[in-house]
Amino acid sequence: MLRKSTLLLIVILTFVCIDSFGQCAMCRTTIESSISNGRSNIATGLNVGILYLLSAPYLLVAAIAYLWFKQSKKEHAEKLFKLQLKSRVANLLGNKN
């Protein structure tokens, strides 16, 4: 039941549209004045800058997740090797008795 309600909440929040203005007053004024003058290159440059700043945290999180996965896989392989080694030693000792 908890999973269904969580999924329903996520779907509702995904489709709800809230009007918001995420730009600061200075950026908004710059864009409005440059577009009214017929120059859209400043607005395009600002949008590219925003996307560049947005991508940095995602790349950082992806790098941390990759390193975490790599370390976890290495630790799992070491545990598996130790378990196999113990079973081989136990088999050798059990066969001699």
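Read-outs: derived from the displayed coordinates by stated rules, not from any lab. Model, not experiment: these values are computed from the prediction.
Considering only I31, I12, I64, give the residue with the highest GNM mean-square fluctuation for the chain, with springs between Cα atoms whenever their separation is below 10 Å.
Ranking I31, I12, I64 by mean-square fluctuation puts I12 first.
Let me understand segment 31-97 better: what is its radius of gyration from the alpha carbons, and its Dmax, in angstrom?
28.4, 93
Can you tally the lysine pairs in the chain where the Cα-Cα distance is under 23 Å and the two residues are eight or more apart, or on different chains?
Lysine pairs, 8 or more places apart or on different chains, close enough: 8.
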